[in-house]
Each structure stands twice: as C-alpha cells, then as structure tokens.
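Before any comments, here is the structure.
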Amino acid sequence: MAFPPAHFLVGAGMAELVRVASPLPRWRSWLIAGSLAASPDLDIILGLLLGRSGGYHGTFTHSALAVIVVSLLGAVAGQGWGILAGAGYGSHLLVDLLDDRGRTNVLLGWPLTLNQPDAIARVFPTVPFQQGHGAVQAALSLFEPHVFLALLEQTLVGAIFFLVLFGWARALKTIAAWRGR
C-alpha cells in the first residue's frame, strides 16, 4: 500500500501533464491533483469511524466509477478542472496497481465486480507498518527505523515519478512551441 506522500507526488506530476493542454495555475493544480490522489485512502477513516478499521479500504473509493464521479464534479468548475480532477484521483489507482505486494486493493469494476487485480508491476515498495493492532500502534510503528526508511524509499519513488511526469510535460510544451513557429 502506497502512503499519502507517494500518491501526492504522482498526482502533482499528473497535474503538470494536464497543464500541457489546459492552462491551469501550477501550484493550485498541483495541490488539488495531489490531494485528490491521496483522497481515496480516506476510506480507512470511514472504516475507523464505523468501527470496521480496514473494512472499507480499497472498496468504492478505489474504482473507475469513483474516478468518473470525481471528474464530473471537477468539470463543474470547467473542462480543464474536470480533467485535472480525474487525472489526480485516477493516479491513485495507477500507483496502487504498481504496488510491491502483488495483490492490489483496487476494485476497478466496482460495483459490477469485486475482482481485485494483481499489480501490473512491482514499483512502489511496501512499508511494513504494524497493521491490525489499532490505529495508534500502526501510526507509531511508522517511526521504527526500518519502517521509516521504507516510507522514505516509497516517497523517493513517488518523487521520481513526479520528476518524470514534469519532464514529460516540459518536453511536450517545448515540442508544441517548436511546431508552432
């Protein structure tokens, strides 16, 4: 499972790609897309509030239907914002499909199917925090050296994705400007 920093960085990188075709403000689009990229994991909080700790994680918030709904809600502010919202939120599913654990928590076809696909590549390393011992214990385990280093490694992979997406966006803008001469 990727943690919020990795999701945020990939979402911000996706925002830069969207900005190639739609002139949205850079920092605002990074913040919105990055936040939307991390937001599907809020289903963990829903589970905690309803007394089912991880009972809702990887359900409706991790589906193609959720990406469509978020895109449509973003489109209320304009087409560019709708594309940004879909790209940011959808990047969460992409990162989860690149999880090192193999079996993902993505339900692409929800509510029509509950099939969870295997990872398409094992790119984002697993963070071995203590699950199943309560939210406080799980959070505290993030400060154990081996867990913290794994979280840093995962965040570094997210930063590399950001830089690649940013570079790709810059290259596309340069090519478009060159062709426009």
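The values are calculated or read from the model by the stated rules, or taken from the named source; none is laboratory data. If you're wondering where the values come from, they're calculated on a predicted model, not measured in any experiment. Positions of Cβ are backbone-derived with ideal geometry, glycine not excepted, and every protein chain shown enters the neighbour counts.
Laid out as a table, the results:
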{"quantity": "Hits in region 139-153 - residues which are aliphatic (A, V, I, L, M) and in a loop (DSSP other than H, G, I, E, B)", "calculated": "LEU142"}
{"quantity": "Some residue of region 72-91 being in contact (Cβ under 8 Å) with a residue 12 or more places away in the chain, within 21 Å of LEU152 (Cα to Cα) and in a helix (DSSP H, G or I)", "calculated": "yes"}
{"quantity": "Odd one out for GLN79, checked against (1) surrounded by fewer than 17 Cβ atoms within 10 Å (Cβ to Cβ); (2) more than 30 Å from PRO23 (Cβ to Cβ)", "calculated": "(2)"}
{"quantity": "Failed condition for SER22, given (1) modelled with pLDDT under 95; (2) buried (at least 18 other Cβ atoms within 10 Å of the Cβ); (3) in contact with a Phe, Trp or Tyr (Cβ under 9 Å, 6 or more places away or on another chain)", "calculated": "(2)"}
{"quantity": "Test: residue in region 42-51 that is of a type in the set (D, E, K, R), at negative phi and touching a helix residue (DSSP H, G or I) at 6+ places or on another chain (Cβ under 6 Å)", "calculated": "yes"}
{"quantity": "Subset of region 99-124 (residues that are touching a residue at least 40 places away in the same chain (Cβ under 8 Å) and not polar (S, T, N, Q))", "calculated": "ASP99, ARG101, VAL106, LEU107, LEU108, GLY109, TRP110, PRO111, PHE124"}
{"quantity": "Verdict on LEU156 being in a helix (DSSP H, G or I) and either aliphatic (A, V, I, L, M) or over 17 Å from MET1 (Cα atoms) (or both)", "calculated": "yes"}
{"quantity": "Whichever residue in region 92-147 is among the hydroxyl-bearing types (Ser, Thr, Tyr) and surrounded by 17 or more Cβ atoms within 10 Å (Cβ to Cβ) and, among such residues, is farthest from GLY158 (Cα to Cα)", "calculated": "SER141"}
{"quantity": "ALA6, sole failed condition from (1) farther than 20 Å from LEU142 by Cβ; (2) crowded, with 20+ Cβ neighbours inside 10 Å", "calculated": "(1)"}
